[in-house]
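Single-structure report; data block below.
The values are calculated or read from the model by the stated rules, or taken from the named source; none is laboratory data. A quick note: this is a predicted structure, and the numbers were derived from the prediction, not measured. Backbone-built Cβ (ideal geometry, glycine too); neighbour counts: all protein chains shown. What goes into the accessible areas is simple: the full protein's heavy atoms, side chains included, and nothing from ligands, DNA or RNA. Shrake-Rupley method; radii C 1.70, N 1.55, O 1.52, S 1.80 Å.
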Amino acid sequence: DARVTQTPRDKVTEMGQEVTMRCQPILGHNTVFWYRQTMMQGLELLAYFRNRAPLDDSGMPKDRFSAEMPDATLATLKIQPSEPRDSAVYFCASGIGRTSTDTQYFGPGTRLTVL
Amino acid sequence: GENVEQHPSTLSVQEGDSAVIKCTYSDSASNYFPWYKQELGKGPQLIIDIRSNVGEKKDQRIAVTLNKTAKHFSLHITETQPEDSAVYFCAADPTGTASKLTFGTGTRLQVTL
C-alpha cells in the first residue's frame, strides 16, 4: 500500500528557530504539493513541483519559506526564521501528473507549533 | 482564480440516514472535482472524484453529482455509519491534471447512533 510519508509528525519550536519538514512522495509520482491547514484559512496550497522543478510557489511567503526537491524521493519545506503565526499542520501530497487520470494523495501531515 | 464554496459547515445525521454536502465553484474551466475525507489527526484521503464529462458517479454508498451549467457538485452518502464521521472537503481544478486544486472550507459530518 503505497503512501506519502512525512517527518516529523509533530514539531514544537521557539520563535526564530529554523524548521525543516520532509516528505517522501509515492514512488513513481512526479508531482509534489505542499499545503498548510489552519482553522482560519483551511487548506492553502503553498507550492508544487513537477519532475523536481518548482512550478508554482505563489502561495508561499518567500521571505521565510523555501521548498526544494533534492531528489525524486525527497521534498523539503523550510521555515527560517519561524514565527508563531506559522503554527499549522503542513501536508505534503503527490500525484502522477498525467491528464485524465491524476489525483493527489496526501501524507499524514506535520503539526508545527511555534512558541 | 477559482473560488469554491461548501455548505453546510456542520452536518449531524442519525445512523442510517443520508447526508448531502454541496459545493459551488466559480471557474467555468474547472473540469475535475474530487472529494476528500479527513479523519482526526490524519491527512485528507480521496474518497471519490468526478470529471466534467460525466454527470454522476457512484461507489457503493457514496455518489457525486455534477451540474456544469449551474457550476455546482454534491456528495451523497447513503446509509450513514458512525465511521463516516469526519470532515469532508470538496475541491475543483481547471487544469485536468489535479495540479491546481482549490478546496472548499470543509463540512464536519457527525453520524449519531
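What is the mean number of Cβ atoms from other protein chains located within 10 Å of the Cβ atom of each residue in peptide B:23-34, rounded to a whole number? Don't skip to the answer; put the middle values down first.
Details: counts 0, 0, 0, 0, 0, 0, 0, 0, 2, 4, 0, 2.
Rounded to a whole number, the mean comes out at 1.
At an R0 of 25 angstrom, the distance between the Cβ atoms of residue B:26 and residue B:56 translates into a FRET efficiency of 0.70. Cut-off 10 angstrom, C-alpha nodes, Gaussian network model of chain B. Which of B:80, B:65, B:95 fluctuates the most? Checking each option, the largest mean-square fluctuation is seen for B:95. The GluC sites (Glu not before Pro) of region A:9-106 that meet both conditions, a loop assignment by DSSP and at most 14 other Cβ atoms within 10 Å of the site Cβ, are A:14, A:18.
Averaging sequence separations of C-alpha pairs under 8 Å and six or more residues apart, then dividing by the length of chain B, give the relative contact order as a whole percent. If you can, show how the numbers build up before the last one.
Numbers: 287 pairs, mean separation 42.0, N = 113.
37 percent.
For region B:43-85 and region A:40-115, what is the separation of their Cα centres, given in Å? Value for the Cα centre distance between the two parts: 26 Å. Approximating the spin labels as points 7 Å out from Cα along Cα→Cβ, the residue B:68-to-residue A:51 distance works out to 2.9 nm.
Accessible surface of residue A:86, taken over heavy atoms with a 1.4 Å probe and every protein chain present, rounds to 0 Å². Phi angles across region B:78-94 convert, under the Karplus curve 6.51 cos²θ - 1.76 cosθ + 1.60 with θ = phi - 60°, into 3J(HN,Hα) values of 9, 6, 4, 10, x, 6, 7, 5, 4, 9, 10, 10, 9, 8, 9, 9, x Hz, Gly and Pro given as x. Rounded to whole numbers, the Karplus 3J(HN,Hα) couplings from phi for region B:23-32 are 9, 10, 10, 9, 8, 5, 7, 4, 9, 9 Hz, using 6.51 cos²θ - 1.76 cosθ + 1.60 with θ = phi - 60°, and x at Gly and Pro.
Over the C-alpha trace of the protein assembly as shown, radius of gyration and Dmax come out as 17.6, 51 angstrom.
Under the criterion of Cα pairs below 8 Å and six or more residues apart, the relative contact order for chain A equals 37 percent.
Under the criterion of Cα pairs below 8 Å and six or more residues apart, the relative contact order for region B:1-57 equals 27 percent.
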